[in-house]
Amino acid sequence: MTHRCFQMPTMFNLVLGAWLGFAFLSSTPPTTGQQNSGAINKTISLSSESAGVLLAKRYPRGDVELEITLHCSSPGVVLDTVGINAAPRGSFSLLVLSDFRVQVQIYDPQATSDVRIANGWHILISKSAIQTTVPARVVLRREMGKLSLVVNGKTEAQTALDTPLSGEPIYIGDFPGDDQWGEKFSIHPAMIGKVTVTYAGAPRPVGQTQPPDISVVRYPEVLDETGALSGTQKAAIGDAVRKLKSSYHVSLGVVVTNPDKVDTAAERSAYRQRMIAEKTLPVDSGVFLYAGDNRYYERNKSLDSMVSIDRVKASWGPSASAPTQADRVLLFLTNLHQLLGGGTPTKPVDTEKPTPPSKPPALPPSKPDGSAGVLLPPALKPIPVTRQEKVASAVVDAGKGGVVDTKSGLSIAIPGGSLDKSRTVTVYKAQVPVPEIKAGIIGEGKAEPLELLCAWDVDVGEQTNLFSQPVEVSIDLSQWKKADGRVPLIIPAISVDGKRWTYPACEVKGNRLVFQTRHLCPVAAYVGWKYIVALGSAIGLYMYTRGWEGLKEDVGTEMPFLGLEGKGLWWASVGPDPAGYQIYWSTTVAGNESGWRDEKGFLEVWQPMVQRYHEKLTGNPAQDGKILDQLKLETDALRRKYLMPTKVAEIDHALRTATEYLRGRGFQPPYLTLPVYLVSKITGDCGHMRNPWLGRRYMVFGANNDTDDVYATALHELFHHYQSGYGWQLVERKESLPFTEGSALLLELEARDDYAKIETYTGKRGVKIWNDLAQMDVYRDGLYASDVDLGHHGYGLSWFMEYLRDCRYRMGKDFHTRLLETWSGLTGTLHKTFLWAADTDDSSLGASSEETLGQRFISFAQSQVLKGMPSQTTYGLKYSRPVFSGNLYTVVGFPGKGYVEWGDKQIKPWSIQYLQLQAAARPKSTLMMRFPGEWFDYRPPGRAIFLRKSEGDIDAIALNDLNIAKGISKNPLVAMPFDKDRFLYIVDTGQTGSGWINEYKPAMLFVLEPPTEVKSRLKEGNMLEVTWKPPAVASEGTLVNRYFVYLTATPQPRDAVPLLKIPRVPADKNKAPYPIAEAERGKTSVTVQLPAGYDKSSLQVRMTTATVAGIPDGGKAVYFESELSDEPGKIEVTWKDSGYGDPGSLVKVEKGTDPFGRKYYVEYYRTTFTAIMKNAKEPCTYEWTSGGKTQTGRTATFDLLAPGQSLDGQKVSLKVTDADGKTAFGSASYGGAF
């Protein structure tokens, strides 16, 4: 249909072709003729609540349609872009609720709609439920400012909402990392069943069951049919078009044509159809026609969702006054760019907007009392929170911070800079249920059910992110303190999502129990349960029954433990050690019943000292406070000297040394005091940090470690504790383990020189830090592996962290502290942390942070991993330690079909693949490796390929240095003799899994071999017939393209004229001889006229197998050939005899005297010879000769001298001629004295 819009005079006709680009549907750029309509058939099976698969890393943020078919057996998440993380604007998810209704939700706290709830989510819920026994077809459509949910062909819910989508990756099922919070934190479980994605693309016309056909996707950006545009103008317009294409997934083209081609509606329609037929425009397209005095927008109406007629008008209006036609086009494109991206056009234009509702939209209740609350995850019951009364409310300034004190036990201290803006924080007393969990005191082995002490509901308003700094929450214990001094064991809990409790680690400070959090949601309850014990300062040292088995596994039967805080006057409530840890040990470690080293000696020294200090007390509180502080310091020194067993004292000294080193480096001190438990013996390691999902983290040490291990382990494990100072929520997630272990191992290496100078507790000078846990093998699993031993994986990542540190050498030792701060600030995302670490001012690196990180990873792989592997790497030599295990390579063999595909299924994202290509046990084989060009040019910097010709080579050769297809193909090709194993390394920089639906094409590794059993026959008229058996790899049509036949007579006739001359690589293969015949793949014979000048009796026919190396633009195919086949056309002759020299064949004896008077004795033996022919065409003629006698026939008999009987001896010779005139000769000497 043609629409007349408005009028304006013009000098020439402009056609602006605007068509939606669907490149987001494929991980590779579409090619001409590729179907790319949005139609998909991708099925994902979700077998558990933690199952999750990446669907897309990129997609249109504007109008889009997704169609999926659900086979749902258990409710849960279907699509998700955010998980438990803080939601960016435009985050969305689709899920099946517990009642099997379908829900879709988009986050935009800045927008209003009739389905918006208090925290900024806009929720559509189907009216009807889907069935578990019948597949359900669900369509999510965002189009023209509307969001709609269609289930089984019926629009179940819709709303006016023009929020652009976030652009964050979409996952099917569980969002990655959610299940890493442990069983207690099953935040967003996946739907269980099957999900089939059937369509993903631009919104289709309502009711259309099949997507429009788009068969051509590479279109010109500027097409000038009049010559009116200058080269500069065309370049400028082309740049503007490319900007639109790359920014908004909309593809445009500008065409300038003559006005007389589009004067009438019929001409305009025919013009557009002709452009489609000539593949200048796709089927699903629109053309803006600027013809004479009129302007028209001829388009397929499905295009209106992105480039509507209103947007065209709004974009053209402000540009109409530009001085030249080219300027108007450029201004038009600029305005359209802003409109598509949601920006402000050059001149405001009134466009049709949805009518706002007459009254504020009702908020759906999500709590029992009807009040609005957070968006609840699917299929999971919310925690019922009943507000009872408001107990505090205060406005907290974002810059200055503030304290909200309820006067009822709860206080919240918010540091300046923590909030994104000034907020009103309101606290309500609340009623919540008690979780089914028990708690007890470490060492007592006793646990009892919990009781509710108090609960609060904290409302900070809409929250879109984590706080930039931790917020301190404290609970006043004094109001619950008993007359006898006993206090309750308080176990705080917070709700991050309104569904599950999270139990933060806490500590007693004076009369308050404090903990930190970086997340306060609209529903956040801080709950305490009471289990009355006389606990004093050790109140934080509790253990839930769910974590009890872990502690028992660590310490065995060595409970209870002793600690210094309970020894000496009233110091039981002094509090934690200023060093930041508290050490405990069992009596087994001390080797005596009391557990103390010298309790009597301690009392003899300490009691008089206390008396002396008491005599100094004046009654002045200020002066007495200083006196008592000094007494505490001296008491602490005496306790360490007299009470600590020797091994405990050594570990204590190691922890103090580590503390001084870490604080000297500027690492942020941890928030909580660390309990350290020392047992007599530990197996499997020297010591470790425990981060239980529930309860307090602690360290376990073995007393059976030597000095070097004690100091190295103390540093490593204490640093894990320091890492928790950057966010306990992050440290306790399993997905954070690779980062924390890699960071800790890097710290060991950084401390190596300093620790070589320290003095140990026993007086030893220097500690050797040796750790062979870091193996570069882990890079084959990728930087972000999740299905491996995460701790071991993290050790290996330390090498890449060190490399990134050295690349940013200007930071020096500050790099590591900044690394932790960045990791914490980015909510523990390892990839984003690496993006920061790889960043640099080096202009030679990538334009984007992703590209820069990719270049860093490739450089690291080449210079630090592959160079000198396995025993001569840079880091291996630097630290005198192995960096590879003995089981590194994936062995790739070539049995049967002779080729192997290697692609996304075998290549992990951000990985180094180590492949050992096992040599084929066949002569004349050539190893061929063909790599898709899209591996290298689609997602910069692309994958990198390196090769080693032998395992012992120091340097790995880059693909570019071996590529024989340069200049003739975008797909690199490598060839090398396959007489021994070769070694291939593939470095992925995020290509695997980076597409919307489809995977990258695989590389082809294959063995190129000549044909076998080559036979030739000269027929009537000098016609040469050649037959052969194809090699194994010939079954793959994309690898073998031709066979070539050669005549390799020696010498080559001077007047021989080549019948074929083909382009070949490498260049030295273009020398004579030239082939006389060629045959297509699949053939096994060819007949050709024998060229003049060849001797028929000496013809040698040989063959090659050829693969296309490339096709230059407008040229012929260039081939790479295998080695020449053997020479089966040459006659060969051997024979067998009847047993020459066998005594039974003695036939004659001669005796006499020679002319010199010497007597002689000669024996003759009769021997029969039988000719054996190879490659000869029968009938053959035979000519035997010996001793001047000649015989014919296949067999001959001669009487021969016995060995040593004559100085001359005898010779038997044979000449054979076959039916084609070919000859063969054979001879052997018999008898004689030699």
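When you filter the GluC sites (Glu not before Pro) in region 583-662 for DSSP loop state and at most 13 other Cβ atoms inside 10 Å of their Cβ, you are left with GLU593.
All Cα-Cα separations within region 1132-1230 were binned at 5 Å from zero, giving a P(r) of 2, 12, 22, 19, 15, 11, 8, 5, 3, 2, 1, each value a whole percent of the pairs.
Computed from the C-beta positions of MET144 and THR112 and an R0 of 22 Å, the FRET efficiency is 0.80 to the nearest 0.05.
May I ask which of LYS57/LYS949; LYS146/LYS243; LYS42/LYS966; LYS57/LYS905; LYS243/LYS832 have a Cα-Cα span longer than 28 Å here?
LYS57/LYS949; LYS42/LYS966
Protection proxy ranking of 1184-1191, 743-750, by the mean of other Cβ atoms within 10 Å over each peptide's residues and highest first, is 743-750, 1184-1191. With the highest mean first, a sort of the peptides 904-910, 866-872 on other beta-carbon atoms found within 10 angstrom per residue produces 904-910, 866-872. Residue separation of GLU267 and VAL134 scaled by 0.36 nm, minus their Cα-Cα distance, works out to 42.9 nm of gained length. Which of rounded, prolate or oblate describes region 742-814 when judged by the alpha-carbon gyration tensor and an a/c cut-off of 1.5? It comes out oblate by the Cα gyration axes.
Normalising the Debye intensity of region 38-201 to I(0), with uniform scatterers on Cα atoms only, and taking log10 at q = 0.11 Å⁻¹ returns -0.39. Among 808-814, 422-428, 955-961, sorting by the average number of other beta carbon atoms lying within 10 angstrom of each residue, highest first, gives 422-428, 955-961, 808-814. Calculated FRET efficiency, SER393 to GLN623, Cβ-Cβ distance, R0 = 45 Å: about 0.55 to the nearest 0.05. Each of ALA235 and LYS481 was given a label point 7 Å from its Cα along the Cα-to-Cβ line. The distance between the two points is 8.0 nm. The magnitude of the dipole of region 38-201, with charges of +1 and -1 set on the Cβ of Lys/Arg and Asp/Glu and taken from the Cα centre, is near 320 debye.
Applying 1/(1 + (r/R0)^6) with R0 = 41 Å to the Cβ-Cβ distance of THR762 and ASP937 gives a FRET efficiency near 0.10. Between ASP754 and THR1190, the contour length at 0.36 nm per residue exceeds the Cα-Cα span by 147.5 nm.
Report the full-extension gain for the segment GLU451 to GLN918: residue separation times 0.36 nm, less the Cα-Cα distance, to one decimal in nm.
161.5 nm
Its residues counted as N, region 889-1005 yields a C-alpha radius of gyration over 2.2 N^0.38 Å of 1.04.
Computed on the Cα atoms alone, the convex hull of region 894-953 gives a volume of 122 cubic angstrom per residue.
Between ASP772 and SER1227, the distance separating the two model label sites (each 7 Å from Cα on the Cα→Cβ line) works out to 6.5 nm.
Between LYS1151 and SER849, the distance separating the two model label sites (each 7 Å from Cα on the Cα→Cβ line) works out to 11.0 nm.
Computed from the coordinates by the stated procedures, all read-outs in this text should not be read as laboratory data. Remember, predicted model here, so these are calculated numbers, not experimental data. Methodologically, a virtual Cβ is constructed for each residue, glycine included, from the backbone with ideal geometry; neighbour enumeration extends over all protein chains shown.
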